Each structure stands twice: as C-alpha cells, then as structure tokens.
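Notes follow the structure.
Here, each number is a calculation from the coordinates, and none is a lab measurement. All of these numbers come straight from a predicted model, not from anything done at the bench. With ideal geometry, Cβ positions are generated from the backbone for all residues, glycine too; neighbour counts draw on all protein chains shown.
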Amino acid sequence: MGYAALRWLFFLLIVKPFLLLAVGVNVRHRDRLPAAGPALIVANHNSHLDALVLMAMLPVWLLSRARPVASAEYFLSNRWRAWFATRVIGIIPVATSGVRSHADVLGPVRDALAAGDIVIFFPEGTRGEPERLGKLKTGIVWLAQQLPTMLIYPVRLHGLGKVLPKGDWLPVPFFCDAWVGEPLHWSGDRRQFLAALSASLGG
C-alpha cells in the first residue's frame with residue numbers, strides 16, 4: 001500500500017470520524033478554500049489538532065498534495081514519529097532552533113509551493129494561548145515575497161486549544177469553529193500585508 005493510500009485511510013477512517021463525533025468542527029465559507037495548488041493555507045495555532053483539522057477540511061482528492069509545515073526538532077525526534085509525520089501526514093519539517101536565514105529554514109516550503117502543493121503554515125511559529133493570536137513572524141512575509149502571485153488562504157480556528165491544549169495528550173470534546181477568510185496575496189507593503197493577515201486570523 002502506498003503512502004497516499006495510507007493518508008486517505010487515516011483521514012477517512014480516523015481523523016474525519018473523530019472530528020465529526022468528538023469535536024464537531026463547524027466550517028464557515030468552506031467554498032473559499034483552494035481547489036488546487038499551489039496555495040498557502042495559514043491559520044492561528046493552539047493545538048496539535050490544527051493541522052489535521054485544516055487537512056480534513058479539504059476534499060479527499062487533495063490530501064496527497066496537502067503538506068503542513070512542522071517542527072523538525074519535535075516531529076523527527078524519534079523514528080516512529082518521523083515516519084508517521086513525513087509518510088502518513090506528509091509534513092514539511094523545518095528547523096525551529098538556531099539562527100538561520102529564511103532561505104535556509106523555509107526553502108523546502110517555497111519549493112513545495114513551487115511544485116504545486118497546498119501548504120499549511122502557522123505564521124505564529126508555535127502553539128500559543130487558546131483564542132489569543134500571537135505575533136506573526138516574518139517567515140510568512142518572506143514566503144509571500146518569494147511567490148507574490150500565489151494566493152494565501154487565512155483560516156481562523158476557534159476552540160481547538162480547549163480540545164487539545166499545549167502540553168496535553170487527552171482530547172476533550174468541545175465544539176469548534178473555523179472561518180475561512182478571503183484569499184490574500186503579497187501587497188508589496190509589509191505592514192499592510194501583516195495587518196490584513198492578522199485581522200483575518202482574529203488579531
């Protein structure tokens with residue numbers, strides 16, 4: 001069985017039923033999500049469930065092209081986690097520690113977008129406090145500048161930080177919402193771009 005088939009089975013048999021029965025994510029303006037790549041989906045980040053929810057919002061035939069950006073230090077820390085994260089989920093691992101240039105850290109993300117993938121990116125850089133948008137880091141600006149015609153799809157998530165908050169491993173049933181905003185693209189003005197993106201994410 002190929003890795004694409006494993007991903008489909010994982011989402012169809014485990015992720016989607018769990019979200020439907022235990023979480024109940026209400027997606028508003030789902031029609032605004034990309035129908036094909038390349039595309040960058042960005043969202044606020046409060047839970048390990050965030051990436052799975054965003055992937056599950058896409059049609060099943062797009063799962064093979066959907067790739068969340070995730071911490072290499074965490075998800076590649078042991079063999080089993082690395083295999084599952086890279087082969088089944090399809091993460092793009094990036095280094096989150098040390099002083100590196102945007103090109104060094106986010107080059108693989110740019111390359112995935114250039115190849116036509118749908119990339120899921122959390123511009124805060126790490127999980128924050130539930131329902132509080134942290135400061136957006138400059139990586140999202142670099143990506144937007146690298147591919148200025150690419151559409152960026154903001155999604156504001158609410159409630160997932162209570163289902164599986166940072167530091168916890170046992171999900172708690174809670175009703176959640178996801179608002180898909182109007183697509184954005186690089187405006188040429190850093191401050192204007194970050195302000196529009198922050199507003200779309202609830203900042």
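Give, rounded to the nearest 20 debye, the magnitude of the charge dipole that segment 3-200 has about its Cα centre when Lys and Arg contribute +1 at Cβ and Asp and Glu contribute -1 at Cβ. Before the final figure, lay out each step's value.
Values: 21 positive and 13 negative charges, 36 e Å.
It comes to approximately 180 debye.
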Q. In the neighborhood of Leu147, defined by Cβ-to-Cβ distances under 13 Å, what is the net charge if each Lys or Arg adds +1 and each Asp or Glu adds -1?
A. -1
Q) In segment 1-104, what trypsin sites (Lys or Arg not before Pro) fall in a loop by DSSP, with at most 16 other Cβ atoms inside 10 Å? A) Arg100
**Q.** Using θ = phi - 60° and Karplus 6.51 cos²θ - 1.76 cosθ + 1.60, couplings along segment 61-71 (whole Hz; Gly, Pro as x)
**A.** 6, 9, 4, 5, 9, 8, 9, x, 7, 8, 5
Q. What are the semi-axes of the equivalent ellipsoid of the chain, taken as the square roots of 5 times the eigenvalues of the Cα gyration tensor, listed largest first and rounded to whole Å?
A. 24, 20, 18
Q: Can you pull a Stokes-Einstein diffusion coefficient for segment 68-114 at 37 °C (0.692 mPa s), Rh from Kirkwood over Cα pairs, as a whole number of µm²/s?
A: 298 µm²/s
